[in-house]
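The values are calculated or read from the model by the stated rules, or taken from the named source; none is laboratory data. Nothing here was measured: the structure is a model prediction, and the numbers come from that model. All Cβ positions, glycine included, derive from the backbone under ideal geometry; neighbour counts span all protein chains shown.
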Ligand SMILES: Cc1cc2nc3c(=O)[nH]c(=O)nc-3n(C[C@H](O)[C@H](O)[C@H](O)COP(=O)(O)O)c2cc1C
C-alpha cells in the first residue's frame, strides 16, 4: 500500500500510544518485523515550535525508525502549519494530525476530537499544513463526537478535498471512550466516504485473525494496532505473514520474550539514561511479564527497579525460580501451564469481544483516549 508517494512494506501500523510509542519501543517493534509505518506519541505543535526539550525528545528518531510520522495536536492554524514545516525539516516521512484525542486539556483548546465538530475550520487549518509541506499529511480520528454526531465520513470527504494523504480511524466515538467494542460498520462508512485515499482501521485488534476480520468487514486498506502491541510486540510480524500467506506462525517462546524484554529495557537506558530509563520502564516490563506464565514475584518487583543491576537481579532471580518448572527450552512443562488467560485473550475473532475488552487501558490522564 502507499501513503502519498511512499510505498510501504506492509499495511500494518503502530498506533500512537502516549507514554509508550517512544523511539525505544518503535525500534524494538520494528526489529521484530512486519510493521509498515509508525507514528510518534502526540506532540503539542506549539511546544515543538518552541523546541521544548520534552517535545523534541518525543520527536526523536533514528535511521532504522522509518517510515515515521510525527503526530501533532493543536488548533492554531499558523502553529500547526509551522510545526508541520519543522517536522519536514526534522526529516520524518509524514505529519499526522490528532483529531481523535478526547482528553480535556486537548479538546479544551479546540484540538483532538473537537476538530471533528467544526468541519470548515478544520479544513482550513489542514489546507494550510498540506500547502506548506512536501511530505504527506494524514489525520487520525474517531467516528465522531457521539452517536448523534458521527461526522467522520463528512470529515474524510472534506480532508480529501484539501489534500490529506490517508485517514486513520479508531472505530469508537469520543463519548464512548474505550467502552464497548469497535464499530466495524462505522469504519466501513468511513472507508466508503474516501474516494482515493487509503483509510486505515483501528481499534481492538489483538490477533492476526482480528486484523483480517477488520479488513474483510470494512474494506480498510490497512490496520493500525495500539494496545495489542503492548501485549504482543510480535503481532505485526505474525499478522503480516498471516495476511500474505494465510499461515498463522507460532507465538514466540519464553527465551525470545526475555530477549526482547531485555532489548527494550536496554533501549530505554540508552535513550533516557540509566536512572530515568529504569524508572520509565517500570510500566513497560509488566506487559512482557503478563505473557510469561506464572511471574507474580517478578511482576511485583518490576515497578521498583532503579538501575540495570536491579533489573538483571530481578530477572535472574525469576529465571532461577522458574527453572524447575521448565523443559530445556525454557518452556513451562505442560503440567505447570497456567489456565489460558492469554490464550483466551488472544482467541480469534468471533467470540472475541469479551476477551478483547480485557485489554486494559493504562491508568492516567489518557484513560479515555
Ligand atoms: C495509553 C494510550 C495512549 C494513547 N495515545 C494516543 C496518542 O498520543 N495519539 C492518538 O492519536 N491516539 C492515542 N491513543 C489511541 C490509540 O492510538 C488507538 O487509537 C486506540 O488505543 C485504539 O486502538 P487499540 O485498540 O489498538 O489500542 C492512545 C491510547 C492509549 C491506550
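State all residues of segment 139-155 that are in contact (Cβ under 8 Å) with a residue 40 or more places away in the chain and within 16 Å of the ligand (Cβ to nearest atom); if no residue qualifies, say none.
Those that are in contact (Cβ under 8 Å) with a residue 40 or more places away in the chain and within 16 Å of the ligand (Cβ to nearest atom): 139, 140, 141, 142, 143, 152, 155.
What pairs come out if I take residues in segment 160-175 that are over 16 Å from residue 13 (Cβ atoms) and pair them with residues that are more than 12 Å from the ligand (Cβ to nearest atom) and assigned to a strand (DSSP E or B) whose C-beta lies under 6 Å away, six or more apart or interchain?
173/144
For segment 138-161, give me each residue that is crowded, with 24+ Cβ neighbours inside 10 Å and in a helix (DSSP H, G or I).
152, 155, 156, 159
Which of the residues that make up segment 28-54 are more than 13 Å from the ligand (Cβ to nearest atom) and more than 22 Å from residue 232 (Cα to Cα)?
45, 46, 47, 48, 49, 50, 51, 52, 53, 54
Which condition number does residue 246 fail, the rest of (1) touching a residue at least 40 places away in the same chain (Cβ under 8 Å); (2) on the phi > 0 side of the Ramachandran plot; (3) loosely packed, with under 15 Cβ neighbours inside 10 Å being met?
Of (1) touching a residue at least 40 places away in the same chain (Cβ under 8 Å); (2) on the phi > 0 side of the Ramachandran plot; (3) loosely packed, with under 15 Cβ neighbours inside 10 Å, only one is false for residue 246: (1).
Return yes or no: is residue 283 surrounded by fewer than 17 Cβ atoms within 10 Å (Cβ to Cβ), outside the structural domain of residue 27 (by TED's automatic domain parsing) and within 16 Å of the ligand (Cβ to nearest atom)?
yes
Can residue 21 be described as buried (at least 20 other Cβ atoms within 10 Å of the Cβ) and over 24 Å from residue 156 (Cα atoms)?
It is true that residue 21 is buried (at least 20 other Cβ atoms within 10 Å of the Cβ) and over 24 Å from residue 156 (Cα atoms).
Select, from 191, 205, the only residue that is under 30 Å from residue 110 (Cα atoms), without any contact (Cβ under 8 Å) to a residue 60 or more places away in the chain and near the ligand (Cβ under 10 Å from one of its atoms).
205
Looking at segment 205-232, which of its residues are more than 16 Å from the chain's Cα centre (by Cα), under 17 Å from residue 180 (Cβ atoms) and surrounded by 24 or more Cβ atoms within 10 Å (Cβ to Cβ)?
Passing the criteria: 214, 218.
What are the residues in segment 208-229 that are more than 8 Å from the ligand (Cβ to nearest atom) and either modelled with pLDDT under 95 or part of a helix (DSSP H, G or I) (or both), if any?
Matches in segment 208-229: 208, 209, 210, 211, 212, 213, 214, 215, 216, 217, 218.
Just checking, which of 292, 265 is in contact (Cβ under 8 Å) with a residue 24 or more places away in the chain and not in a helix (DSSP H, G or I)?
Exactly one residue qualifies, and that residue is 292.
Please verify whether segment 120-133 includes one or more residues that are surrounded by 19 or more Cβ atoms within 10 Å (Cβ to Cβ), assigned to a helix (DSSP H, G or I) and under 21 Å from the mean Cα position of the chain (by Cα).
No, segment 120-133 contains no residue that is surrounded by 19 or more Cβ atoms within 10 Å (Cβ to Cβ), assigned to a helix (DSSP H, G or I) and under 21 Å from the mean Cα position of the chain (by Cα).
Which strands (runs of 3 or more DSSP E) sit wholly inside segment 1-90 and have at least 3 residues that are free of Cβ contacts under 8 Å to residues at least 60 places away in the same chain?
Correct list: 37-44, 68-73.
Answer yes or no: is there a residue in segment 74-85 that is touching a helix residue (DSSP H, G or I) at 6+ places or on another chain (Cβ under 8 Å) and within 14 Å of the ligand (Cβ to nearest atom).
Yes: segment 74-85 contains one or more residues that are touching a helix residue (DSSP H, G or I) at 6+ places or on another chain (Cβ under 8 Å) and within 14 Å of the ligand (Cβ to nearest atom).
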